[in-house]
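Please read the structure below before turning to the comments.
The values are calculated or read from the model by the stated rules, or taken from the named source; none is laboratory data. Only a predicted model underlies this, so the values are computations on that prediction, with no experimental measurement involved. Surface areas here come from the heavy atoms of the whole protein model, side chains and all, with no ligands, DNA or RNA. Shrake-Rupley method; radii C 1.70, N 1.55, O 1.52, S 1.80 Å.
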Amino acid sequence: MKRVVLDRVKCEGHGMCEVAAPAYFELDDEGELSVLEPQVSTDDESRVQEAVRSCPVGALKLKA
């Protein structure tokens, strides 16, 4: 199972990941990103990978 890794220093709160995979990512009212579920199921892997690729600042990674 893969897991999501967030670099909070790089994250600028664009929210592209939340749009791509709302079950895994959420922005609060201040633009702080939360990873709701760090462990990525096999069924959701492609959706989360799309969210990782959509980050304009490269703040997300998907690791084995």
Does anyone have the angle between helix 45-54 and the longest principal axis of the chain? Alpha-carbon axes, 0 to 90°, nearest 10? 30
I want to verify a result. In a Gaussian network model of the chain, Cα cutoff 10 Å, which of these has the top mean-square fluctuation: Glu37, Glu45, Glu18? Glu37
Report in % the part of the accessible area of the chain that belongs to carbon and sulfur, leaving out ligands and nucleic acids; probe 1.4 Å. 46
So what does Asp7 come to for accessible area, using a 1.4 Å probe and Å² rounded to 10? 60
Which entry in (1) 10.4, 31; (2) 12.5, 35; (3) 14.9, 45 is this structure's computed Rg and Dmax of the Cα atoms in Å? (1)
Per residue accessible area in Å² of the chain, where ligands, DNA and RNA are left out and the probe is 1.4 Å: 65
Relative contact order (%) - the stretch 1-62, alpha-carbon pairs under 8 angstrom, separation at least six: 47
